[in-house]
Amino acid sequence: MQLQPRLFNRQMSMFTVDSLSMAMTELPVRKKGLCCELSLPADVGWAAERALLLKALADPTRLAMVLCLHRAEAPVCICDFTASFDLGQPTISHHMGKLKAAGLVESEKRGLWIYYRLRQDLAPATVRLIEALVSDAPGQTAGGSRCDCT
């Protein structure tokens, strides 16, 4: 069997074989969308919920906020996030709103300030996901959060 170069449209093409001794198998004709029926394991609502959760955790600031809440022994004041992250209050509130919309955090108002914590009723799979994401995070563990803002 000898290989020779072939030229197509002034470009070097694949090599051709002088004599083919391979058996040719005819493939069935497939129609678009009718090849294989897939049984989807989940409904659209389930996928949308998981996507919202993953989108919320995909932002570096929000992931760091979740880390702080995971390490905290008590709810954390929004003012502590503003000071720790060197971001303005509107930006911190925006990020916290995304975490809240994803069902990750809950809040309670104490006087002028709002305190946040991870929801106590998170699904076990969500807790495992958060623990996996933050397990090797560097930094100090937060003790009980105290806010001196009144």
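Read-outs throughout are calculated quantities, based only on the coordinates presented, and are distinct from any laboratory measurement. Being a predicted model, the structure only gives us computed values, none of them experimental. A quick note on method: Cβ atoms are made from the backbone with ideal geometry, for glycine too, and the neighbour counts reach across all protein chains shown.
Seen from Ser135, the other residues with C-beta closer than 12 Å to its C-beta sum to a net charge of 0, counting Lys and Arg as +1 and Asp and Glu as -1.
Semi-axis lengths, largest first, of the ellipsoid equivalent to the stretch 45-134 are 21, 14, 13 Å, with √(5λ) applied to each eigenvalue of the Cα gyration tensor. For Cys77, nonlocal amide neighbours, meaning residues 5 or more places apart or on other chains whose placed amide H falls under 5 Å from its own, are Tyr116.
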